[in-house]
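Student: Here it is, the structure in full.
Nothing in this text is a laboratory measurement; each read-out follows from the coordinates by a stated rule. Since this is a predicted model, take the numbers as computed values, not measurements. Backbone-built Cβ (ideal geometry, glycine too); neighbour counts: all protein chains shown.
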Amino acid sequence: MSCEYCECPTYISVAKLSFYPSNYLFSMTTPLSSAPEPASAEASESASALPSILELSRDKLTSTIIEMGEKKFRASQLWRSLYNETAKSFDDMSTLSKPFRKSLSESYSISPLEEVMYLTSADNSTSKSLYRLHDGELIESVLMRYETDGHRRNRKTACISTQAGCALGCTFCATGQQGFRRNLTVGEIVAQVIELQRIAIEEDKAQIAEGKRTKGELQGVTNVVFMGMGEPLANYNNVMAAILVLNDGQGLNIGARHITLSTVGLVPQILKLADEELQINLAISLHAPDNATRSQTMPVNKRYPVEELIRACHKYANKTKRRIFFEYVLLKDQNDSIEQAQKLGRLLNSLHCHVNLIPVNPTNDGLFDRTDLRAAKDFQGGLKQYGIPSTVRMEKGIDINAGCGQLRERAIDILGA
Ligand code: SF4
């Protein structure tokens, strides 16, 4: 089951798995020969020394093209090649002249990402990519595939990272345990969607050839969720710029309502986001109905306590008229009692919202046990008493460590990288 705004696998797990499950496909795209160096270290030799053209905003791209002696309309052609056709090299851009392609390739690279690992779950519903950046940092992206489920079309969701590492230190999160490395650039954020778009389009085309979908169903990535590594609102400007690129009708054309930004609750940024007049979805990782419980696993709660966060959510909902989504991971005997459900119901009472209840998968270290489906339904009943709508959804892609930061962690553990 998945919720109605996104289908991201949850990142709840501190499991450091010491084995590879036998039931997933594993491919090492590029050898991981060294541990990620600090951002200040020299760039890895395998990454291109040229700057990525994906770092240029549309305006900057246009002025750059004009400075190169080309007509303005060439910028639109180039933009379409990059973001709509997701061309892998300038040589593939047949609408541009050969000399122009040559000058572009002498000044810029395209993708700032180098894929080093690609995993697909046994049921083929989830794939996860590990990318190396120019300075050796490793980030992860996930592609989730959903079949038609009666009221929704089949869809493919890209779950992307916004930071290398994260400073917020949630105790249940693999990325949080790795510490903060640096913010991702706009190009590094958008490039993740482009990479997943290429995979999604190829799959669509194969299905069309097999007669499993019609030509009109060449969709590619349909949804994007900012739920990978990092706190998106801590990299505010780059994330906002990336959303504009993803939403551009001549490029990837991901509708704003198909984009979800997830935050642990940085109050000033939530209030700032309310003024952006974007139609994107906002999801808050809440996971507890009170400060005592929340502060145990989410240090950010000491800075922005639950009451202050919920006040900001009311302001956001009033300003944007958008429903807010809350994520609540159910941890057996920790935050899944009926009393805690009722407390959550009282907290969210009168707020235009929807709660996603996520029974966490048990972790190898035995820190967390799974809330069973019956207990999850009982919790849902407690929320219902206060008129709070909710959905119970299950984690996805667990056999490939699709939780945030886990693939990077595994690569470093197992490959000695
Ligand atoms: S904010 Fe997100 S990425 Fe950062 S530690 Fe918490 S859950 Fe992990």
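Student: Considering only the range 118-274, what is the antiparallel percent among its DSSP beta bridges, to the nearest 5?
Tutor: Percent antiparallel among DSSP bridges in the range 118-274 is about 75.
Student: With a ≥ b ≥ c the root eigenvalues of the C-alpha gyration tensor of the range 53-107, is it rounded (a/c under 1.5), prolate (a/b larger than b/c) or oblate?
Tutor: rounded
Student: Contact order normalised by length for the range 53-107, with contacts defined as Cα pairs under 8 Å and 6 or more residues apart; what percent is it?
Tutor: Working: 28 pairs, mean separation 11.6, N = 55.
Relative contact order of the range 53-107: 21 percent.
Student: Listed here are the pairs Lys315/Lys384; Lys88/Lys272; Lys98/Lys212; Lys72/Lys128; Lys156/Lys302; which of them are more than 28 Å apart at the Cα? Write down the numbers at each step before the final one.
Tutor: On the way: Lys315/Lys384 23 Å; Lys88/Lys272 36 Å; Lys98/Lys212 38 Å; Lys72/Lys128 38 Å; Lys156/Lys302 36 Å.
Over 28 Å Cα-Cα: Lys88/Lys272; Lys98/Lys212; Lys72/Lys128; Lys156/Lys302.
Student: Ranked by Cβ crowding within 10 angstrom, fewest neighbours first, how are Phe100, Phe368 ordered?
Tutor: Least crowded to most crowded, the residues run Phe100, Phe368.
Student: Follow-up. Can you give the net charge of the other residues whose Cβ lies under 15 Å from the Cβ of Pro99, counting K and R as +1 and D and E as -1?
Tutor: +2
Student: Below 14 angstrom from the Cβ of Thr320, what's the summed charge of the other residues (Lys, Arg +1; Asp, Glu -1)?
Tutor: With Lys, Arg at +1 and Asp, Glu at -1, the neighbours total +4.
Student: Given 4 °C and 1.567 mPa s, compute D for the range 124-187 with the Stokes-Einstein relation, Rh being the Kirkwood radius over Cα pairs; round to the nearest whole µm²/s.
Tutor: D = 95 µm²/s.
Student: Mind listing the Cα extents of the range 48-179 along all three principal axes, in Å, largest one first?
Tutor: Principal-axis extents of the range 48-179 (Cα, largest first): 53, 41, 24 Å.
Student: Using a 10 Å cut-off around each Cβ, can you sort Arg181, Arg346 from fewest to most neighbouring Cβ atoms?
Tutor: If I rank by nearby Cβ atoms, fewest first, I get Arg346, Arg181.
Student: Hey, can you grab everything whose amide H is under 5 Å from the amide H of Ser390? Only 5+ residues off in sequence or another chain; H modelled, so Pro and N-termini drop out.
Tutor: Val355
Student: Principal axis lengths of the range 125-269 from Cα atoms, whole Å, largest first?
Tutor: 47, 30, 28
Student: While we're here: Please order Lys343, Lys102 by the number of other Cβ within 10 Å, starting at the fewest.
Tutor: With the fewest neighbours first, Lys343, Lys102 line up as Lys102, Lys343.
Student: On to the next question. How many angstrom separate the Cα center of the range 57-112 from the Cα center of the range 300-314?
Tutor: When both Cα centres are located, 45 Å separates them.
Student: What do you get for Rg/Rh of the range 166-223 when both radii come from the Cα atoms and Rh is the Kirkwood radius?
Tutor: 1.24
Student: Here is a follow-up. Under the rule of at least 5 residues apart or a separate chain, name every residue whose amide H is placed under 5 Å from the amide H of Arg181.
Tutor: It is Ala164, Gly165, Cys166, by chain and number.
Student: Relative contact order, percent, of the range 74-172 when contacts are C-alpha pairs under 8 Å separated by at least 6 residues?
Tutor: 14
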